[in-house]
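Just below is one structure, and these are the notes that go with it.
The values are calculated or read from the model by the stated rules, or taken from the named source; none is laboratory data. All figures in this text were calculated on a predicted structure; none of them were measured in a lab. Glycine gets a Cβ as well: all are built from the backbone with ideal geometry, and neighbour counts include every protein chain shown.
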Amino acid sequence: MHNNKNYPISLQETLKAKHNVYNWLKPTPLIQYQGLSDLIGAQVYIKHENHNPTGSFKIRGGVNLMAHLKKQGEKGVITFSTGNHGISIATAASWFDMQAVVVVPENNNPAKNRIIQETGAELIEAGSTFEEASRVVESLCQSRDLYYVHAANEPHLINGVGTEFLEIIDQQPDIEAVIVPVGAGSEAAAAITTLKTINPDIDIYAVQAECSSAACKSWREGTTLSSENSTFAGGFATGIAYEVPFNIYKNDLADFILLSEEEIYQGMALASYYTHNQVEGAGSASIMAALKIKDRLAGKKVALQFSGCNASPEELITTSQQPCFLNGQLE
């Protein structure tokens, strides 16, 4: 079981990661939407990580990691995921001609499973939760000589993800607040590593599901804790806070916002209504988080992450039945 856990995570390493990332990816758009700006009462920009080839921000980390592993002579990787991380690792491995094994929980989002399999990766369905899938990977590592890519405690992933925040600063240097969803925590850790180093005055807010709130509870208590894990939103479906990203974001978040399942669905509907984008639950949660703290964001330049778009057909049907907001009123 190889790992790079002690590799540095820093702005300098993220700047180095740009070379690896942009060999394969283009910067994603940062777009201001007037309707959302009016609704929230701020200058609202959407960072469209949902426009990446895999439909989420995670491919940035995947590409950066594979570039390093290829240089180290690794032949293949194994990881656990509820979807977007697995898609990233499987896709990046295929681009670098490396073997990939992805373990997902049973009854995982079939749309995400299909994308993983289309890369040529081996998909294993085992365990009922994200954490149970991780334990299956740990046991398989004993029998397969593959690099174990942890979904959170992997510095190369965080350094690669940081490139999205460099793009925000490049396009809007005077951004004042950023809202990011938290599952395993790599995006929040990357936001703090890059943005807070460049401008300590930028407020970074995190958002998570009430039904899977381990990271939020850990942040409030100052130590890594576990919690129930029952949200429909795969990007939020982690039952514990992970050490490496937690140690980065634990002291530097402005606040942590929790959303009900209904609010997560409403965020998906608002994303579709105002931006004409199909976004998954965790991916659009930043909109509802912004609405809940709109008084604190009033008049500011705010960037909201659309971190992923790989929703299941069932989620899209439920989303289509949600009311949308117009001028602050339910339509």
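Looking at Leu270, is it assigned to a helix (DSSP H, G or I) and more than 30 Å from Thr224 (Cα to Cα)? Steps first, please.
Numbers: assigned to a helix (DSSP H, G or I): yes; more than 30 Å from Thr224 (Cα to Cα): yes.
Judged against the criteria, Leu270 is a match.
Which residue out of Arg144, Arg114, Arg135 is surrounded by fewer than 24 Cβ atoms within 10 Å (Cβ to Cβ), in contact (Cβ under 8 Å) with a residue 12 or more places away in the chain and among the charged types (D, E, K, R)?
On the way: Arg114 fails: in contact (Cβ under 8 Å) with a residue 12 or more places away in the chain; Arg135 fails: in contact (Cβ under 8 Å) with a residue 12 or more places away in the chain.
Every option except Arg144 fails the conditions.
For region 204-228, what are the residues that are in contact with a Ser or Thr (Cβ under 6 Å, 6 or more places away or on another chain), in contact (Cβ under 8 Å) with a residue 24 or more places away in the chain and of a type in the set (Ser, Thr, Tyr)?
Ser212, Ser213, Ser218
Residues in region 281-331 that are touching a helix residue (DSSP H, G or I) at 6+ places or on another chain (Cβ under 8 Å), in a loop (DSSP other than H, G, I, E, B) and at pLDDT below 95: how many?
9
Here's a check for you: in region 125-136, which residue that is among the charged types (D, E, K, R) and not in a strand (DSSP E or B) is nearest to Lys75 (Cα to Cα)?
Let us first name the residues in region 125-136 that are among the charged types (D, E, K, R), namely 125, 131-132, 135.
Applying the additional criterion that residues be not in a strand (DSSP E or B) yields 131-132, 135.
Working: Glu131: 25, Glu132: 25, Arg135: 22 Å.
Selected residue: Arg135.
Taking into account only those residues within region 96-113 that are within 21 Å of the chain's Cα centre (by Cα) and at pLDDT 95 or above, which is nearest to Ala152 (Cα to Cα)?
Applying the filter and picking the extreme gives Val102.
In this structure, is Val44 closer than 14 Å to Ala190 by Cβ and assigned by TED's automatic domain parsing to the domain that holds Ala285? Talk me through it step by step, then tell me what you get.
Working: closer than 14 Å to Ala190 by Cβ: no; assigned by TED's automatic domain parsing to the domain that holds Ala285: yes.
So Val44 fails the test.
Enumerate the pairs (first residue in region 189-201 and assigned by TED's automatic domain parsing to the domain that holds Tyr249; second residue anywhere and among the polar types (S, T, N, Q) and modelled with pLDDT of 95 or more) with beta-carbon separation below 8 Å, excluding pairs fewer than 6 apart on the same chain, so at least 6 apart or on different chains.
Here the result reads Ala190/Thr14; Ala190/Asn159; Thr193/Ser10; Thr193/Thr14; Thr193/Asn159; Thr194/Thr14; Thr197/Ser10, each pair linking region 189-201 to a residue that is among the polar types (S, T, N, Q) and modelled with pLDDT of 95 or more.
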